[in-house]
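Asker: First the structure, then my questions, so here it is.
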């Protein structure tokens, strides 16, 4: 449901082109990241152009910016409009409805895609309330039950709210106190800062995080109308060039083949020597390796994960039970839990998706993946005593209460499962 816009109110901006100039109108609509409509008219003609996230949508049969810059006289009216959850522009400035699974994530993506400056109000069926403020599509602040929260931490907690109602209200863009963004600003992260609001392809083996945008967008000059049109068109159409036909591999050489044969021969000799040594040790009654302590498990893993991964003491894993996890899988699972604790939900989801492809039958990995998507609900950890507690790799001082996602958590080295609505007391260690 949407609230109609007041065309005479604070969500509009109007004037004459003789006083303001079409270049100034275009620049201001870009800086405030207008999502709405811009109407132009004079004695002989009129035109209406839709704006989405600070950029004019192309008109039929031509470029929207080129059409705009042809206007030199007449009047203009810019009005804000909010899109619905499907991305269609409505006639109002407010959007409301009932919460459902994944609804908070869709609203956050809507504000990001259209670069909205809006306030999101959430009311849970239990009576809890929360507010999130977006400015130009980015989360500026958030609060749950009247208490301020870190933006990403708040979104990860609110992702589990799927019963209740929501209301999204646009903030006026054309007031004097409204913050304006640069024209066609580069979306790549600033130097030395890490943007955790998008999906990131982590290379865990090398520890590399690739840039979200490898080709920076050109910044057009706002002074000359012709230059503005040409550079805006270039920014829209510029895409990284890719070669469809990869270069053929270099021809194989005889020296390479000889080196490969020598390598294979060396591997065969080494294998034969290793087999002979193993047979000699078996006959002598020697152990090839020490027995595995079930309480310790794989080196480098935390105690909770080692206990879940190692077989029972005194024998091998029972028939039908999943084999012990490798140290790499355990490390990635701990990484996902730490990312969730830090509020980096989308990055954790990406890590867990890669992990699920590697170990599709691991029940705990599947549980943490559901936890990352907000399907398990919310829980609470109450730290009592004096000292500190380590929760998912982060240190917290007691006493305090922590709102967390329901599911698995690594608390003081032990894997603990919290159900929806549960409040678990944890004693801190000096």
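The values are calculated or read from the model by the stated rules, or taken from the named source; none is laboratory data. Only a predicted model underlies this, so the values are computations on that prediction, with no experimental measurement involved. Virtual Cβ from ideal backbone geometry, glycine too; neighbours counted across all protein chains shown.
Asker: Just name the residue that is farthest from the chain's Cα centre (by Cα) out of those in the range 11-21 that are within 12 Å of residue 78 (Cα to Cα) and surrounded by 14 or more Cβ atoms within 10 Å (Cβ to Cβ).
Answerer: Let us first name the residues in the range 11-21 that are within 12 Å of residue 78 (Cα to Cα), namely 11-16.
Now drop any that are not surrounded by 14 or more Cβ atoms within 10 Å (Cβ to Cβ), which leaves 11-15.
Details: 11: 30, 12: 33, 13: 34, 14: 37, 15: 40 Å.
Step by step, filter the range 11-21, then rank; the result is 15.
Asker: Assess whether residue 33 counts as being modelled with pLDDT under 90 and either surrounded by 15 or more Cβ atoms within 10 Å (Cβ to Cβ) or more than 22 Å from residue 11 (Cα to Cα) (or both). Walk me through it before giving the result.
Answerer: Details: modelled with pLDDT under 90: no; either surrounded by 15 or more Cβ atoms within 10 Å (Cβ to Cβ) or more than 22 Å from residue 11 (Cα to Cα) (or both): yes.
So residue 33 fails the test.
Asker: So for the range 98-111 (the condition being farther than 17 Å from residue 374 by Cβ, touching a helix residue (DSSP H, G or I) at 6+ places or on another chain (Cβ under 7 Å) and surrounded by fewer than 20 Cβ atoms within 10 Å (Cβ to Cβ)), does at least one residue qualify?
Answerer: No, every residue in the range 98-111 fails to be farther than 17 Å from residue 374 by Cβ, touching a helix residue (DSSP H, G or I) at 6+ places or on another chain (Cβ under 7 Å) and surrounded by fewer than 20 Cβ atoms within 10 Å (Cβ to Cβ).
Asker: Would you confirm, using the coordinates I've provided, whether residue 340 is in contact (Cβ under 8 Å) with a residue 24 or more places away in the chain, under 21 Å from the mean Cα position of the chain (by Cα), within 22 Å of residue 424 (Cβ to Cβ) and part of a helix (DSSP H, G or I)?
Answerer: Values: in contact (Cβ under 8 Å) with a residue 24 or more places away in the chain: yes; under 21 Å from the mean Cα position of the chain (by Cα): yes; within 22 Å of residue 424 (Cβ to Cβ): yes; part of a helix (DSSP H, G or I): yes.
When the stated conditions are applied, residue 340 passes them.
Asker: Evaluate the following for residue 143: is it under 15 Å from residue 403 (Cα atoms) and under 17 Å from the mean Cα position of the chain (by Cα)?
Answerer: Taking the combined requirement at face value, the residue does not satisfy it.
Asker: Now for a separate question. Collect the residues in the range 359-378 that are free of Cβ contacts under 8 Å to residues at least 12 places away in the same chain and either in contact with a strand residue (DSSP E or B) (Cβ under 6 Å, 6 or more places away or on another chain) or assigned to a loop (DSSP other than H, G, I, E, B) (or both), keeping them in residue-number order. Don't jump to the end; show me each part of the working.
Answerer: In the first step, residues of the range 359-378 are kept if they are free of Cβ contacts under 8 Å to residues at least 12 places away in the same chain; the result is 360, 366.
Result: 360, single match.
Asker: Considering (1) crowded, with 21+ Cβ neighbours inside 10 Å; (2) part of a strand (DSSP E or B), say which one residue 141 fails and leave the rest.
Answerer: (1)
Asker: Right, something else. For the range 112-138, give me each residue that is out of contact with any helix residue (DSSP H, G or I) (no Cβ under 8 Å at 6 or more places or on another chain) and not in a strand (DSSP E or B).
Answerer: Passing the criteria: 112, 113, 114, 115, 117, 125, 126, 127, 128, 136.
Asker: Assess whether residue 318 counts as being surrounded by fewer than 15 Cβ atoms within 10 Å (Cβ to Cβ), out of contact with any helix residue (DSSP H, G or I) (no Cβ under 7 Å at 6 or more places or on another chain) and modelled with pLDDT of 85 or more.
Answerer: Values: surrounded by fewer than 15 Cβ atoms within 10 Å (Cβ to Cβ): yes; out of contact with any helix residue (DSSP H, G or I) (no Cβ under 7 Å at 6 or more places or on another chain): yes; modelled with pLDDT of 85 or more: no.
Against the criterion (surrounded by fewer than 15 Cβ atoms within 10 Å (Cβ to Cβ), out of contact with any helix residue (DSSP H, G or I) (no Cβ under 7 Å at 6 or more places or on another chain) and modelled with pLDDT of 85 or more), residue 318 does not qualify.
Asker: A further question on this structure: Tell me, which residue of the range 120-136 that is surrounded by fewer than 19 Cβ atoms within 10 Å (Cβ to Cβ) and in contact with a strand residue (DSSP E or B) (Cβ under 6 Å, 6 or more places away or on another chain) is modelled with the lowest pLDDT?
Answerer: Selected residue: 125.
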